[in-house]
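A short write-up of the structure that comes next.
Derivation of every value follows stated rules applied to the coordinates shown; laboratory data play no part. Everything numeric in this text was worked out from a predicted model, so none of it was measured. Positions of Cβ are generated from backbone atoms using ideal geometry, with glycine treated the same way; all protein chains shown enter the neighbour counts.
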Amino acid sequence: MSTGITTWNTNLLDIGPLYPFVGSEMLLVSAAIAVWLIWHFLQARAEAREAAELKPDPLHAEEMLQALEKENQRT
Amino acid sequence: MDNQLEALTIIFTETYYWITVVLMFLIHVGFCMYEVGASRRKNMLHTLMKNTMLIPLVTVTFYFFGWWIYFAFQNGPGISGGLIEAPWATPWSELMGAHMGGAPVQGGLSGADTMAWARVNGVFWAAFLLFSWTAASIVSGAVIERIRSGAFWILAILIGSFCWVLDAAWGWSENGWMVQKLGYHDAYASGVIHAIAGGFALGVLIHLGARIGKFAPDGTPRDIRPHNPWLVTVGLFLIYTGFWGFYVACNIPIIDIGPAAGMDSSFFSTTNIYLTPTSTSAITFNFLMSLSGGLMVGYLISKGDPFWTYSLGLAGVIGASAGNDLYHPIQAMLIGGGAAIVAYKMHYWVERTWQIDDAVGAVAVHGYAGFYGVVVAGFMLWGYPSSMHADYAAITPWGQLAGAVIMFFVLGFIPGYIAAGILKRLGRLRVPEHVELAGLDFGENAETERAAGEILVAERRAAEKLVGD
């Protein structure tokens, strides 16, 4: 079995494509385009989720209060 | 390849472009450093990843359709002819992979195609691709600290794998319709990379809006300083370095232009992309002299501001690039100095007049300086042939002005404005206000802030204890 080239002991001027599975190009391109589009979809979903999870509390006041409470309990 | 001279020419050309690609990679490193340095600490990682991830996204889409567009759309199509067959540039072509140049396996390709493209297709493709990254990266700097990454990457693909490639097909190829009909000349891409990317960025910025706090209620702009000016300037230094690769990538290193000139004998020369003569030596003179003109004027006009001095050095090169294949070095220096004035004055005028927040001055340095460069070349090179084809239009001021308008507005500003408008309408363009306030690195920042809060409280307790003791 061979996926492409079987020998280098030949007239090198006759050799065309070097990559394996010649003839599968259209399938490869279709799969790659699908991967590209799915990537955008997954990224957009993750970005929206992350933004929604962040509470609108830019000064982190709640975290400061929690820290203060924790510190009070320790002392 | 069974002929040593032919083999040397082809493999030299292959290696030449490969080196340009490596050099041009530094442009992207420089852009990343520059943008991260220019952003505030709370946005550094987002800024870095936004620019980094355009690399794979523009690369794969340029593989899917960008490279084919460059060859297929040179007539418009529909302006100087129809769609052109380019079977070596489709993503499923056997020539878009490792190939020895033997007889083709696929239909549609000829033996001449495989001989011509087998060893240079990948390096030509990559050289153009690095230009694509640059076009997208120019836009990236303008929009930092408030754009959603997902939105930016869609815009990056639009400018990097479509708009700039279309303009290259039209005005940056031997037989593009703009060369044929307008005599368009833009040897080192004042218009085809810089003006288009600047125009595109301006279109996006109008919809994106300014960063919170950038403008006072009366519209007066406030300066948001880079968090790391040193990183900004080193980034710009690296962009200069990569620009050497960009310049030589715009040339064909060795080609016989004797027959095209009507000579009976061969005449081997370096040419620009239009296959008209220049030399690497000529562009080396002009690159450095236009950089110097930009830096000298930039230093004076900005009163020694490092950010602007470096940026205007770049504007100097960009402003002279359209004709740097033919200018005298002192002409290049003076034109570069003029570009610095145009970029600096226009930046602040647009900022004050329309409250456009261009975070790194990208629209000015690339867009306005690029536009100026294309127009100036029309006057400086008035009457020069735009091509080896005697029936193509000569270079004229009006042809160059039309070309500059096509680059900046038609293929840059309008697509950027429309695409950003659609993303804005879908609520996908800008991050929510609370995210912008917290910083776009909020995921990473949250942990740091939490720890900082605890440390602050602990320190205060320790200080109170000390005072109590």
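Annotations for the structure displayed:
- When you restrict to C-alpha pairs under 8 Å that are six or more residues apart and normalise by the size of the stretch B:54-151, the relative contact order lands at 23 percent.
- Between residue B:83 and residue B:268, the contour length at 0.36 nm per residue exceeds the Cα-Cα span by 63.5 nm.
- Overall shape of the stretch B:315-433 was characterised from the C-alpha gyration tensor. The equivalent ellipsoid obtained from it has semi-axes of 32, 19, 10 Å, in decreasing order.
- A simple rule links phi to the HN-Hα coupling: the Karplus curve 6.51 cos²θ - 1.76 cosθ + 1.60 with θ = phi - 60°, which for the stretch B:64-76 gives 5, 9, x, 5, 5, 4, 4, 8, 6, 9, 5, 8, x Hz, with x for Gly and Pro.
- The Cα atoms of chain B give a gyration tensor whose axes a ≥ b ≥ c have a/c of 1.5 or more with a/b greater than b/c, which makes the shape prolate.
- Shielding by partners - mean other protein chain Cβ count within 10 Å, residues of B:90-100: 5
- If R0 equals 30 Å, the separation of the Cβ atoms of residue A:40 and residue B:41 corresponds to a calculated FRET efficiency of about 0.55.
- Farthest toward the positive end of the dipole of the stretch B:146-268, out of B:232, B:169, B:246, is the Cα of B:232, where the dipole comes from beta carbon charges about the Cα centre.
- Each part reduced to its alpha carbon centroid, the stretch B:35-84 and the stretch B:174-210 end up 14 Å apart.
- Exercise: per-residue mean of other protein chain Cβ atoms within 10 Å, B:431-440: 4
- Inter-centroid distance (Cα atoms) of the stretch B:373-451 relative to the stretch B:149-165, Å: 10 Å
- The mean sequence separation of alpha-carbon pairs under 8 Å and at least six residues apart, normalised by the residue count of the stretch B:1-115, gives a relative contact order of 11 percent.
- Selected from B:56, B:419, B:373, residue furthest toward positive end of dipole (the protein assembly as shown; charges at beta carbon): B:419
- Measuring against 26 Å, Cα to Cα, the residue pairs B:42/B:465; B:181/B:424; B:345/B:424; A:70/B:50; B:214/B:345 contain B:42/B:465; B:181/B:424; B:345/B:424; A:70/B:50 as the ones spanning a longer distance.
- Calculated [θ] (222 nm, deg cm²/dmol) that DSSP helices of n ≥ 4 give over chain B, each run adding -39,500 (n - 2.57): -19000 deg cm²/dmol
- Under 13 Å, Cβ to Cβ, from residue B:107 - net charge with Lys/Arg +1 and Asp/Glu -1: -4
- Using C-alpha pairs below 8 Å separated by at least 6 residues, the relative contact order for chain B is 22 percent.
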